[in-house]
1. Can you find even one residue in segment 387-395 that is in a loop (DSSP other than H, G, I, E, B), open to solvent by 30 Å² or more (accessible area, probe 1.4 Å), under 19 Å from MET236 (Cβ atoms) and of a type in the set (D, E, K, R)?
2. Restricting attention to segment 54-75, which residues are among the small types (Gly, Ala, Ser) and surrounded by fewer than 20 Cβ atoms within 10 Å (Cβ to Cβ)?
3. Quick test of your reading of the structure: VAL339 fulfils all but one of (1) surrounded by 12 or more Cβ atoms within 10 Å (Cβ to Cβ); (2) within 18 Å of ILE392 (Cβ to Cβ); (3) modelled with pLDDT of 95 or more. Name the failing condition by number.
4. Specify the residue that is farthest from TYR139 (Cα to Cα); the eligible residues are those in segment 212-243 that are among the small types (Gly, Ala, Ser), touching a residue at least 12 places away in the same chain (Cβ under 8 Å) and open to solvent by less than 50 Å² (accessible area, probe 1.4 Å).
5. Quick one: would you say ALA442 is aliphatic (A, V, I, L, M) and either closer than 30 Å to ALA286 by Cα or modelled with pLDDT under 95 (or both)?
6. Any idea which of (1) without any contact (Cβ under 8 Å) to a residue 60 or more places away in the chain; (2) among the polar types (S, T, N, Q); (3) over 13 Å from ALA393 (Cβ atoms) is the one GLN299 doesn't satisfy?
7. Return the residues of segment 428-469 that are part of a loop (DSSP other than H, G, I, E, B) and open to solvent by 70 Å² or more (accessible area, probe 1.4 Å); say none if nothing qualifies.
Amino acid sequence: MKKIQLYIGAVLLSAIVGCTGDFKEVVDFTEVTNPTLSEESVVGQPNSAVIWAAGIEREISRTFNEILILAELGSDNYENTQTFFSQFLDGLDIRTTDPDIRDTQNEIARVAKMAQFGLETVGPNDPNYSPAQEAEFHYYLGLSRMLSAMYFSALPQETVGVPVVSAENYQSAIQSFQTAVSISAKPEYHLAIARSNYYLGNKSAAVSAANAALALSTDFTREAKFDEAEGPSNTMEDALYERATFDDFQPLPSLDFLDPKYSFLSPEQDASVHYLKAEEAYLILAEANLSDGNVAAAQANLNDLLDLVATREVRVIDDRAEQRSEVDPGGRPDNSGVVVNGRSGLVLDRQDGVVAVPSVSGTSLTTAEIAAFANDDESLSKLYRTRQEIFIAEGIRFVDMGVKLVINENEILQNENVNEGDFGTVAVIPSFIASIIPDLDAFTYDAGAGVATTTVDLNDVLVANKTSEAVVPFY
């Protein structure tokens, strides 16, 4: 089918050329008349590497706009009560024809292409090119590879290239991050190495990199920044806050106190996404120690985590417009008296005025819970509950579930190395996730009694399947 479609396209193009007589004048973009768009306007200019890097940072923000909508809906973090942002992912309906998946793949690829152009062309021709800037370009390339591995079972690393499986994309990412570290180390470079090794199940390498990150800084973050006026604005912030009564994304009641992580800042600046932060290093160390049976060390890691979270920004916002249940009045918990899964303090009183919501990291984990940790599944489940809370609205929960997106239809039609049905074109959903898809966002709520109960506890499900290759990588 692919070859037939491509052949028809070629015939049509030939017909158009025949009709116009000189079609080349219409499509030849090699003669650029706008000097601000020419390669020469960038390459060879002083500080061009810094300018190019700013463009890559903008592309990274655009990439997270695509990733976060899909990943958060595909997880149990949020239910989509409208269809403004995505038609399919809330039910893990993962299709090669989904334009949102197509755009996600394309944005990740653009980051890689821009990073390579920076390394091969822009940087070497910039008279002011610095080692620190070279390290950043390697980091950008590694980030693109890591995102490919996190969200797709296979993606090409080159235009119409052979798809590379997730594990190989992680390895490519690690190589780029290690090169960045060797040139000009930053804590987020080490953490990116730690994350890649974490998902590969390379415990000792992940622990080493996590410790290296914390040795440089115990409170670092790497942000994707957003421009409310000129764009890109934070699409996730729109879904969580700015569209107000549309109630697009509604969190599980157990996560209510963390919503919205992103809220309005100013007409010029939108909320950042803190996509690499020190909290992750502590969580990797805690899981590694727990998997080794070293409960005391895991407890120390988690207490350090709580100390860090206590220093993070808590934004005070007016969220009365939310009303929590606009499309289903009274259908969702909306006051602090509600008990969720036997726990209190997880739901906010939004109608009483302003509420305080963590904008970087928040958790319901307590020192008392940490003190009760043991070498058992209950403690591991609490650790994964903490990961869910710390990383809400950051796209990590989806990856922790072991779910992978698919190569998009355009790639299948245009790339001779990819055919429908190949590995990478079929969604990866672990069987223990597939069997509970309808229940991922489900809960019961008795408003009169003030009691809400989630239908499933996905943390327990993940831990029950910890020996699976798809999840809980250190077990």
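The values are calculated or read from the model by the stated rules, or taken from the named source; none is laboratory data. Bear in mind the structure is a predicted one, so any value in this text is a computation, not a measurement. Methodologically, a virtual Cβ is constructed for each residue, glycine included, from the backbone with ideal geometry; neighbour enumeration extends over all protein chains shown. Surface areas here come from the heavy atoms of the whole protein model, side chains and all, with no ligands, DNA or RNA. Shrake-Rupley method; radii C 1.70, N 1.55, O 1.52, S 1.80 Å.
1. no
2. Listed by number, the residues that qualify are ALA54, GLY55.
3. Failing condition for VAL339: (2).
4. ALA239
5. Yes.
6. So the condition that GLN299 fails would be (1).
7. SER435, GLY448, THR455, THR467, GLU469
Conditions tested, residue by residue: (1) crowded, with 24+ Cβ neighbours inside 10 Å; (2) modelled with pLDDT under 95; (3) within 21 Å of the chain's Cα centre (by Cα); (4) on the phi < 0 side of the Ramachandran plot.
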| site | (1), (2), (3), (4) |
| --- | --- |
| ASP259 | yes, no, yes, yes |
| ASP270 | yes, no, yes, yes |
| TYR282 | yes, no, yes, yes |
| GLY293 | no, no, no, no |
| ASN303 | no, no, no, yes |
| LEU306 | no, no, no, yes |
| ALA321 | no, yes, no, yes |
| PRO329 | no, yes, no, yes |
